[in-house]
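Read through the structure below, which is laid out as structure tokens, and then see the notes.
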Amino acid sequence: MIAYAYLLGGFTAFEQVGRFQRPTLAHRVFGQTAVDDAVGKILAVLGDWGYQRRPERLVSAVCQILLP
């Protein structure tokens, strides 16, 4: 439902929805390959900068950024 609202109606008030899996939404909107490639590139840069903690939380944050 959230993916349809985003794609068809421009819905971006995700904070009103409550907790949900942002990576799942990003995969449904942009496709798994595109999201995984984008997340991989960002995590690689962050890793080069020394950020190694909790990559699963970083994935969710990157997916939130992909969904303006």
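The values are calculated or read from the model by the stated rules, or taken from the named source; none is laboratory data. These numbers come from a predicted model, not from an experiment. Here the Cβ is made from the backbone with ideal geometry for all residues, glycine too, and neighbour counts use every protein chain on show. These accessible areas exclude ligands, DNA and RNA; they are computed on the full protein's heavy atoms, side chains included. Shrake-Rupley method; radii C 1.70, N 1.55, O 1.52, S 1.80 Å.
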Exercise for review: Can you confirm whether region 29-48 contains a residue that is surrounded by 11 or more Cβ atoms within 10 Å (Cβ to Cβ) and in contact with a Cys (Cβ under 8 Å, 6 or more places away or on another chain)?
Suggested key: yes
Check your understanding: Checking residue 62 against (1) open to solvent by 50 Å² or more (accessible area, probe 1.4 Å); (2) at pLDDT 85 or above, which test does it fail?
Key -> (1)
Check your understanding: Scanning region 11-28 for residues that are at pLDDT below 85 and open to solvent by 50 Å² or more (accessible area, probe 1.4 Å), which turns out farthest from residue 56 (Cα to Cα)?
Key -> 11
Point to revise | Matching residues in region 49-59 - criterion: being within 26 Å of residue 4 (Cα to Cα) and surrounded by 11 or more Cβ atoms within 10 Å (Cβ to Cβ) | key: 58, 59
